[in-house]
Amino acid sequence: MYSKSKSKIFATVKFRLTVMLTGLFSGLSLIVFLMVYLTLTSSLQQRIDTNLLDSTREFDALYRTHGVDALRAEFKRESEARGIERAFFLLASPSHEVLATSNLAAWGNLAVPLSMMSPDEKIGFRTMAVPGHRHKVRIALRKLDDGNTLDIGYSLQDNEMLMRRYRQTFTTAFGITLLCGSLIGWFVAKRAMSGVERVTQAATRIDRGNITQQLPMGHEGDEIDTLVTAFNNMLKRIQMLVTEVKEVTDNIAHDLRSPITRMRGIAETTLTGEQRLDDYQDMAAMVIEESDHLVAIINTMLEIARVDTAIEEFSKQPVDITEIVRSAGELFQPFAEDKGICLETDVPPEPLIVYGDGTRLQRVIANLLDNAIKYSSNGKVRLVAKGIPSKVLVSVIDSGIGISDKDLPHIFERFYRGDQSRSTLGNGLGLSLAHAYVHAHGGDISVESSLGTGSIFTVSLPHDRH
């Protein structure tokens, strides 16, 4: 159990972020350490080289002015002042014979020559380890005018102690930085993942059937806020779909029950009657008619569901709304004339192009035009198309019975039929289907109406930008 829990911790994004941030802290600390270390090492070496160079100049001047005896005495004084274990001085001939030297008792096996110099080299610097001496030594070699070589060596004891303390200090600081980096990394990772954890908890609640609780904004960052917004929108969409499913179920139970009841009544009447062939034929015809009506309702409901849930993709392409409106006016002209209605079509001479499914847009206009003619009597219906910046508008204007203020907010709902339309054939799905089609095209459909004065249905579609 413990190993499984441990492996789960190691597999979390929070742990990985902590490791990454800790590694970043550690890497930056190491880079800073190396930069300071190299800078300090270079600075210390430059300082000791400057001191060695100054000393060789002073001894060179003393040797040229007062000779080897004065140089020997100065070697002794300088060695005692600095410490015989911290510095040595010697003068060697071209044949490597020692002409003058300081006390070399503390320098063990100091070999002469200390280092060979090239013929054209006047001064050189070397770092070397002297056998028997604990610390390395930095040596300056200066070739004098008479060919002799002046060798001066300073122990690097102080530099080595300083660098050792620096490394110890850094090791301690690095450990503290590592610990602080781990704590900060864990806090940052926990903070960064808190929004994801909230979304995960919400997803778990949804899995358990709770889809009503929205996620509050935690202000963990734009990315998390965007995720929370998207998740809340998804929850709203799920709630809407669930509500629609319930409504559709209720509508099916209500609106499909009537045709089925009629079919049963027809069958029962026929079976309990004289059972003549004509009666059975009439019953079969009525059942077929009611079945067709049921199939039409079911197909329309399925089409609306597919469009609303974006299950079915439209084969969208450039469509000329002017041509669709003109064709719809011509198609419905005989129907309008039969009802004594004057149908006018007003379209611009130029094409009005939108991007969509031409067949479905034809059905939208046909539904609106059919309703306008159906609910008008001895009046006028106008079908108007026009273009405005970024949009194409199609309006169906009638002088029919109109829609009451009570019914107006509900006319695009499935199976909804206002009081004025209940006596007219229909299933209450035409406007719902038109509404679904228009929204699937990125447009909008609106209505203005009042009882006794007619209605204006307006479809707004975006211009083709492809």
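The values are calculated or read from the model by the stated rules, or taken from the named source; none is laboratory data. Given the structure is predicted, the values throughout are model-derived calculations rather than measurements. Positions of Cβ are generated from backbone atoms using ideal geometry, with glycine treated the same way; all protein chains shown enter the neighbour counts.
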* Of all residues in the stretch 236-274, which are at pLDDT below 75 and surrounded by fewer than 11 Cβ atoms within 10 Å (Cβ to Cβ)? -> Thr243, Lys246, Thr249, Ala253, His254, Arg257, Glu274
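Give the residue, chosen from Phe88, Phe33, that is within 22 Å of Ile123 (Cα to Cα) and either surrounded by 12 or more Cβ atoms within 10 Å (Cβ to Cβ) or not hydrophobic (A, V, I, L, M, F, W, C) (or both). I'd like the intermediate steps shown before the answer.
Values: Phe33 fails: within 22 Å of Ile123 (Cα to Cα).
On inspection, the qualifying residue turns out to be Phe88.
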* Kindly indicate whether any position in the stretch 170-177 is under 30 Å from Gln46 (Cβ atoms), of a type outside the set (Phe, Trp, Tyr), assigned to a strand (DSSP E or B) and modelled with pLDDT of 75 or more. => no
* Asked: Looking at Gly185, is it surrounded by 18 or more Cβ atoms within 10 Å (Cβ to Cβ), outside the structural domain of Leu71 (by TED's automatic domain parsing) and either modelled with pLDDT of 85 or more or assigned to a helix (DSSP H, G or I) (or both)?
  -> yes
* Somewhere in the stretch 48-70, is a residue within 25 Å of Phe125 (Cα to Cα), touching a Gly at 6+ places or on another chain (Cβ under 9 Å) and modelled with pLDDT of 90 or more? -> yes
* Complete set of residues in the stretch 105-146 that are among the acidic types (Asp, Glu) and either crowded, with 20+ Cβ neighbours inside 10 Å or at pLDDT below 85 (or both) -> Asp120, Glu121
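Listed here are the residues, each with its yes/no results for (1) modelled with pLDDT under 90; (2) of a type in the set (A, V, I, L, M); (3) part of a strand (DSSP E or B).
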| site | (1), (2), (3) |
| --- | --- |
| Asp282 | yes, no, no |
| Glu289 | yes, no, no |
| Val307 | yes, yes, no |
| Ala310 | yes, yes, no |
| Glu313 | yes, no, no |
| Gln362 | no, no, no |
| Asn378 | yes, no, no |
| Val384 | no, yes, yes |
* When you look at Thr149, is it surrounded by 16 or more Cβ atoms within 10 Å (Cβ to Cβ), in contact (Cβ under 8 Å) with a residue 40 or more places away in the chain, assigned by TED's automatic domain parsing to the domain that holds Ser43 and β-branched (Val, Ile, Thr), yes or no? -> yes
* Asked: When you go through (1) surrounded by 19 or more Cβ atoms within 10 Å (Cβ to Cβ); (2) within 13 Å of Ile321 (Cβ to Cβ) one by one for Leu393, which number turns out not to apply?
  -> (1)
* Provide a single number: the residues in the stretch 318-352 that are crowded, with 17+ Cβ neighbours inside 10 Å and touching a residue at least 40 places away in the same chain (Cβ under 8 Å). => 12
